[in-house]
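Structure record follows, encoded as structure tokens.
The values are calculated or read from the model by the stated rules, or taken from the named source; none is laboratory data. In this text the structure is predicted, and so the values were computed from the model without any measurement. With ideal geometry, Cβ positions are generated from the backbone for all residues, glycine too; neighbour counts draw on all protein chains shown. To get the accessible areas, we keep the full protein, side chains included, count just its heavy atoms, and leave off ligands, DNA and RNA. Shrake-Rupley method; radii C 1.70, N 1.55, O 1.52, S 1.80 Å.
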Amino acid sequence: MTLQQIKYVIGIAETGSFNKAADKLYVSQPSLTSTIHDLEDELGILIFNRTGRGVTLTNDGTEFISAARQLYHNYQNLIEKYGEGGNIKKKFGVSTQHYSFAVKSFVEMVKDFNTEEYEFAIRETKTQEVIDDVASLKSEVGILYLSDFNRKPIASLLKAKDLEFHHIIDCKAYVYIWKGNPLAAKKEITFSDLKDYPCLSFEQGDGASFYLAEEILSTEEYNRTIKANDRATMLNLMIGLNGYTLCSGIICEELNGSDYIAVPFKDEDEKINRIMEIGYITKKNFILSSIGNKYIEEIRKYLGIES
């Protein structure tokens, strides 16, 4: 097995096609196919399912790609530290729940690097996909939150994927609304205040457990609910329907605009802990790259946390 073969496997997995991977890797499609067949024969497993619509990873392939990405990532780190690097374009990816501070910090981090030498990716996505992306090293870092209601099931998922959670900041719950909402002038907002307004939440996929929800109070029963799958739609629903969502209170006007505010949420049951512990996940015992460290540094800087 060679590093070139590993690079080819990663390229095919990312594009979902031998033809597209061949174009991206600057190699002929027959040569790429032959190389992968040789690797599969050597390993004694089938890495890809071939269909007329492209390729998908087999169960063995899914396990292999996780280890392959980690090996190739470590190789790239060695090249970055000790070698010239040649024409290798270094990669860095982040997967995150829908947090504007995560995107803003990513923007500031990218400014410090030459995008001709690096291939960057940020994925605002479902909670399960954040976990899966980091487990497979599609992304080096994942951003999500824990709380009293989801800590055990999320911790179980992380353990199963050989991941660990790193604390960044604790936040109280806030109600996120647009400035024209009738509740915008209130100093605190309770569930009673919200009963006539639709609760907005990010879609987590069919059959997804409520433990994967991005909103801290997802276990509550809501009279009116609307799901969205991106931040722009969520903001439009806030204006058009006077909808609200429950969040950490960390908002970025530069990205979301100045038409929205976060009002402290007041729980009518003071015995319940509504603290959101926001942090990042990595592979267990994983050493962050210089880019990864810079990204976390930018998040801490944005949140006003001393390193």
For the stretch 170-187, state whether one or more residues are open to solvent by less than 50 Å² (accessible area, probe 1.4 Å), assigned to a strand (DSSP E or B), farther than 18 Å from Ser258 by Cβ and among the aliphatic types (A, V, I, L, M).
-> no
Condition test on Glu164, is it open to solvent by 20 Å² or more (accessible area, probe 1.4 Å) and touching a helix residue (DSSP H, G or I) at 6+ places or on another chain (Cβ under 7 Å)?
-> yes
Going by the structure shown, is Ile154 within 30 Å of Asp60 (Cα to Cα), open to solvent by less than 20 Å² (accessible area, probe 1.4 Å), free of Cβ contacts under 8 Å to residues at least 60 places away in the same chain and not in a strand (DSSP E or B)?
-> yes
Among the numbered criteria (1) in contact (Cβ under 8 Å) with a residue 12 or more places away in the chain; (2) polar (S, T, N, Q); (3) open to solvent by less than 60 Å² (accessible area, probe 1.4 Å); (4) farther than 30 Å from Ile305 by Cα, which single criterion is violated by Ser248?
-> (4)
Of the residues in the stretch 204-240, those that are within 17 Å of Phe191 (Cβ to Cβ), modelled with pLDDT of 75 or more and either open to solvent by less than 30 Å² (accessible area, probe 1.4 Å) or among the charged types (D, E, K, R) (or both) come to Ala213, Glu215, Ile216, Arg224
Find all pairs meeting these conditions: Cβ atoms under 8 angstrom apart; at least six residues apart or on different chains; first residue within the stretch 41-60 and on the phi < 0 side of the Ramachandran plot; second residue assigned to a helix (DSSP H, G or I) and open to solvent by 60 Å² or more (accessible area, probe 1.4 Å).
-> Ile45/Asp60; Leu46/Asp60; Ile47/Asp60
Identify the residue in the stretch 276-298 that is out of contact with any Asp or Glu (no Cβ under 9 Å at 6 or more places or on another chain) and at pLDDT 90 or above and, among all such residues, is surrounded by the fewest Cβ atoms within 10 Å (Cβ to Cβ).
-> Asn293
Can you name every residue in the stretch 32-83 that is at pLDDT 85 or above, outside any helix (DSSP H, G or I) and surrounded by fewer than 13 Cβ atoms within 10 Å (Cβ to Cβ)?
-> Gly44, Asn49, Arg50
